[in-house]
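A.B. asks: The structure under discussion is supplied below as structure tokens; questions concerning it will follow.
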Amino acid sequence: MKFKLGDLRKSYERGSLDLQHIGDNPLKLFKTWFYEAKDTDSVDEANAMSLTTLGEDGYPRARVVLLKDFTEDGFIFFTNYRSEKGKSLLKYPKVGLSFYWPILERQIIIKGVAEKLSPEKSDQYFRSRPRGSQIGAHVSPQSEVIPDRKFLEDVQISFTKKFENSEIPRPAHWGGVLVNPHEIEFWQGRPNRLHDRICCNLENSGDWKVKRLAP
């Protein structure tokens with residue numbers, strides 16, 4: 001029998017989600033869900049998230065980046081500010097984040113506004129990285145066209161020699177990005193496609209308005 005892509009389906013039956021699970025701050029539920037995903041053996045890189053930005057060509061673009069911290073202020077990741085995503089999010093700071101943990105049948109979608117993390121906090125994280133990753137931040141002209149793989153390897157050798165007996169400084173073009181959330185939607189898969197969707201919007205007062213959405 002010929003395979004039909006449209007026949008791929010599953011029944012979601014692992015959990016449920018109600019308004020009372022949110023409490024007064026959706027970041028608390030995010031923390032709970034995140035650590036449940038992190039502690040699940042079958043979830044690889046629970047901190048992998050899709051980042052969507054608006055490109056300078058007018059097209060949205062999504063790519064997976066790694067969440068490195070989250071606080072009451074928002075979600076933090078690190079990047080090359082000169083890369084395509086770096087230029088995009090600094091010019092058009094309204095961005096989207098999404099997490100999907102299939103084994104838990106959960107998804108979180110976030111709308112927020114991006115801003116550069118302070119140089120001090122970027123320095124602090126940079127110092128915690130392995131030396132190879134520190135050198136990599138100097139080596140790669142991210143998103144630029146390069147002639148071949150050897151180009152990167154040659155530059156890597158050059159910087160490795162340069163910093164052989166010294167501390168590696170953070171490049172000025174590399175650092176953290178903080179996404180301040182304005183909307184957080186929690187999705188829990190349910191049977192018969194009647195999924196639970198709870199959407200939280202940050203109001204001017206600083207309080208979160210919580211509502212249930214149809215799946």
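The values are calculated or read from the model by the stated rules, or taken from the named source; none is laboratory data. Because the structure is predicted, anything quoted here is derived from the model rather than measured. Heads up, the Cβs are rebuilt from the backbone with ideal geometry, glycines too, and the neighbour counts pull from every protein chain shown. Side chains included, ligands, DNA and RNA excluded: accessible areas come from the protein's heavy atoms. Shrake-Rupley method; radii C 1.70, N 1.55, O 1.52, S 1.80 Å.
A.B. asks: Would you mind stating whether Gln156 is open to solvent by 30 Å² or more (accessible area, probe 1.4 Å) and outside any helix (DSSP H, G or I)?
C.D. replies: Judged against the criteria, Gln156 is not a match.
A.B. asks: Find the residue count for region 75-88, including only residues that are in contact with an Asp or Glu (Cβ under 9 Å, 6 or more places away or on another chain) and either within 21 Å of Gln124 (Cβ to Cβ) or of a type in the set (Gly, Ala, Ser) (or both).
C.D. replies: 5
A.B. asks: Tell me, yes or no, whether region 88-102 has at least one residue that is open to solvent by 40 Å² or more (accessible area, probe 1.4 Å), assigned to a helix (DSSP H, G or I) and hydroxyl-bearing (Ser, Thr, Tyr).
C.D. replies: No, there is no match, as no residue in region 88-102 is open to solvent by 40 Å² or more (accessible area, probe 1.4 Å), assigned to a helix (DSSP H, G or I) and hydroxyl-bearing (Ser, Thr, Tyr).
A.B. asks: If you don't mind, another one. Return the pairs, sorted by first residue and then second, in which the second residue is part of a strand (DSSP E or B), the first residue lies in region 171-185 and is among the polar types (S, T, N, Q), the beta carbons are less than 6 Å apart, and the residues are 6+ apart or on different chains.
C.D. replies: Final answer for the pair search is Asn180/Gly74; Asn180/Gly112; Asn180/Val113.
A.B. asks: Could you please tell me which pairs satisfy a Cβ distance under 7 Å, a separation of 6+ or placement on different chains, a first residue in region 186-215 that is closer than 21 Å to Leu97 by Cβ, and a second residue that is among the β-branched types (Val, Ile, Thr) and part of a loop (DSSP other than H, G, I, E, B)?
C.D. replies: Ile198/Ile22; Cys200/Ile22; Val210/Ile22
A.B. asks: Scanning region 18-45 for residues that are part of a loop (DSSP other than H, G, I, E, B) and in contact (Cβ under 8 Å) with a residue 40 or more places away in the chain, which turns out least open to solvent (accessible area, probe 1.4 Å)?
C.D. replies: Selected residue: Ile22.
A.B. asks: Okay, moving on. From the list Arg61, Arg9, which one is surrounded by 12 or more Cβ atoms within 10 Å (Cβ to Cβ) and either among the charged types (D, E, K, R) or not in a helix (DSSP H, G or I) (or both)?
C.D. replies: Arg61
A.B. asks: So, in region 1-33, how many residues would count as being touching a strand residue (DSSP E or B) at 6+ places or on another chain (Cβ under 9 Å) and within 23 Å of Arg193 (Cα to Cα)?
C.D. replies: Number satisfying all stated conditions: 12.
A.B. asks: Pairs under 7 Å by beta carbon, first residue in contact (Cβ under 8 Å) with a residue 60 or more places away in the chain in region 62-89, partner among the acidic types (Asp, Glu), six or more apart or different chains?
C.D. replies: Here the result reads Ile76/Asp69, each pair linking region 62-89 to a residue that is among the acidic types (Asp, Glu).
A.B. asks: Quick check on my filter: what residues within region 120-153 are assigned to a helix (DSSP H, G or I), under 13 Å from Thr79 (Cα atoms) and touching a strand residue (DSSP E or B) at 6+ places or on another chain (Cβ under 7 Å)?
C.D. replies: Ser122, Tyr125, Ala137
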